[in-house]
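Here's the structure we're looking at; comments come further down.
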Amino acid sequence: LAVKDPTAVERANLLNMAKLSIKGLIESALSFGRTLDSDYPPLQQFFVVMEHCLKHGLKVRKSFLSYNKTIWGPLELVEKLYPEAEEIAASVRDLPGLKTPLGRARAWLRLALMQKKMADYLRCLIIQRDLLSEFYEYHALMMEEEGAVIVGLLVGLNVIDANLCVKGEDLDSQVGVIDFSVYLKSDDDIGGKERNVQIAAILDQKNYVEELNRQLNSTVSSLHARVDSLEKSNTKLIEELAIAKNNIIKLQEENHQLRSENTLILMKTQHHLEVSKVDVEAELQTYKHSRQGLDEMYSEARRQLREEAQLRQDMENELVVQVSMKHEIELAMKLLEKDIHEKQDTLIGLRQQLDEVKAINVEMYQKLQVSEDAMKEKNEIISRLEDKTNQINATMKQLEQRLQQAEKAQMEAEAEDEKLKQEYVNKSESLQNEFSQKEKQLLQLETDLKIEKEWRQTLEDDLQKEKENVSHLRTETQEIVTLKKEFLKLQEKNKQLKSTCEDQEAALQELASKLSE
């Protein structure tokens, strides 16, 4: 048997521990039903396992005082590859209580979990293998396929809400020891807890989707009602503004007509005054001849002058009234314009609310795409498992054929052994009867006997080897049977996950249809 690579064994062990810790954290968090804090034991175990995974195969970097081996170097590289990680790196550097790079790395992991972007950050990191080679050896977990598998498992942690206090916690002096007693459980407890957790998670998701749907429906209906009322009021204001503009135009035309009539009246009065002056001068010339006629004409001219002055005064009063009406109309126009601006501001606010609703729809669509990507990854894993089962079935068939061949060879060897025994007995009897006559052939018979003994010994050795092969094949068949059972369990889990995913997709489709309405 070939000796296994110790680094491969370490990677496999770390991968299995990561699977157990992530699975246990998700199950316990969903059964816990509240936001997790830093004192939650499964969460502490998860951070310890992640720290061991990131430390595997880490290169020793020389410094001025000593040799340095820390995971803060590759984690600090994430902010260059993923711009959104700059905020986390800056906040970790600004924390006052952290003095060591290991403490900063632990704080970074906690902040990434709270942001639900740990999988995205580490995926950007493992893609850049040339940059990781500066920090890790070629056989490290982050440089192999196990790192990609762990990053895929971290996507499931997005369903957990964590509220971790990083500022006052002593992260520099913590000792990372994995507690294996947490993961030693019976199959019945695990199956019952898994079923209870899945049912509780499905019910919580259903209630959350229904409540969110109700809130969105109420907000959409209220926004539609407000938009309709504002559109009606806007149309009314536009109609009133058009009517006011028409009235202003009519009043301006009437004012123009009155001004033209006023100018005509003034011209007529001036003309009358000039005529009256001419008449007065003529009458003055004839005053001497007839004073009585002059007094009468003077009184008549004076009366006409008073009438003209009265008419002029009336026209000026009418002009003052028209000017005051014009001022009032201008004030009404200003008030209408102010009201229109206020209504336009309210319309802008409503449009912003509609944009927020659209942003919520986009977020829901992105979550739907994330769930579809997760389903694709699960389908790929299932297809890989099916390929492995096919390979296992083929190897089982080959092993069964080899077992049948070995049994046939064993039967043939036993038959030959019996024949040889019978021949040996016959030869011994014949030798005893003819011992006196065949002394010369004794040496040849002894040599033949030695050859037969050696051949029998070789046959027994071959038979022992075949028995060992048969026992090995039986152990392999037992392992294959256990693998079949595990595969059936995985198929059942896959069916359950597919059913839950279909329910979630149906709920999301209903939510999307209602939101689109």
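The values are calculated or read from the model by the stated rules, or taken from the named source; none is laboratory data. All values reported here derive from a predicted model rather than from experimental measurement. Using ideal geometry, Cβ is built from the backbone for each residue, glycine included, and neighbour counts are taken over all protein chains shown. Ligands, DNA and RNA are stripped out before the accessible areas are found, and what is left, the full protein with its side chains, is counted by its heavy atoms. Shrake-Rupley method; radii C 1.70, N 1.55, O 1.52, S 1.80 Å.
For region 265-281, indicate whether the set of residues that are farther than 21 Å from Glu308 by Cα, assigned to a helix (DSSP H, G or I) and open to solvent by less than 90 Å² (accessible area, probe 1.4 Å) is non-empty. No; the residues of region 265-281 include none that is farther than 21 Å from Glu308 by Cα, assigned to a helix (DSSP H, G or I) and open to solvent by less than 90 Å² (accessible area, probe 1.4 Å). Within region 141-169, residues that are under 22 Å from Lys367 (Cα atoms) sit with their Cβ atoms under 6 Å from residues that are open to solvent by less than 60 Å² (accessible area, probe 1.4 Å) and not in a helix (DSSP H, G or I), at 6+ positions apart or across chains, in these pairs: Ala162/Leu36.
Looking at Leu98, Leu131, Leu122, Leu102, just one residue is surrounded by 19 or more Cβ atoms within 10 Å (Cβ to Cβ) and without any contact (Cβ under 8 Å) to a residue 60 or more places away in the chain, and that residue is Leu122.
In the set Thr70, Thr100, which member is hydroxyl-bearing (Ser, Thr, Tyr) and over 24 Å from Ile22 (Cα atoms)? Give the derivation first.
Numbers: Thr70 fails: over 24 Å from Ile22 (Cα atoms).
Going through Thr70, Thr100 in turn, just one is hydroxyl-bearing (Ser, Thr, Tyr) and over 24 Å from Ile22 (Cα atoms): Thr100.
Restricting attention to region 146-168, report how many residues are assigned to a loop (DSSP other than H, G, I, E, B) and open to solvent by 50 Å² or more (accessible area, probe 1.4 Å).
Counting residues in region 146-168 that are assigned to a loop (DSSP other than H, G, I, E, B) and open to solvent by 50 Å² or more (accessible area, probe 1.4 Å) gives 5.
Here's the yes/no breakdown for (1) outside the structural domain of Pro101 (by the TED database); (2) in a helix (DSSP H, G or I); (3) at pLDDT 75 or above; (4) open to solvent by 90 Å² or more (accessible area, probe 1.4 Å):
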{"position": "Gln174", "(1), (2), (3), (4)": "no, no, no, no"}
{"position": "Asp189", "(1), (2), (3), (4)": "yes, yes, no, no"}
{"position": "Lys193", "(1), (2), (3), (4)": "yes, yes, no, yes"}
{"position": "Lys206", "(1), (2), (3), (4)": "yes, yes, no, yes"}
{"position": "Glu211", "(1), (2), (3), (4)": "yes, yes, yes, no"}
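Any chance region 373-390 includes a residue that's over 32 Å from the mean Cα position of the chain (by Cα) and open to solvent by less than 100 Å² (accessible area, probe 1.4 Å)? Yes - at least one qualifying residue is present in region 373-390. The residues listed here are Leu463, Leu497; of these, the one that is in a helix (DSSP H, G or I), open to solvent by 60 Å² or more (accessible area, probe 1.4 Å) and of a type in the set (A, V, I, L, M, F, W, C) is Leu497.
Considering Asp161, Asp172, which residue is of a type in the set (D, E, K, R) and within 23 Å of the chain's Cα centre (by Cα)? Reasoning before the result, please.
Working: Asp172 fails: within 23 Å of the chain's Cα centre (by Cα).
Sole residue among the options that is of a type in the set (D, E, K, R) and within 23 Å of the chain's Cα centre (by Cα): Asp161.
Just checking, how many residues over region 284-296 are at pLDDT 75 or above and either among the basic types (Lys, Arg) or open to solvent by less than 80 Å² (accessible area, probe 1.4 Å) (or both)? The number of residues fulfilling the criteria is 1.
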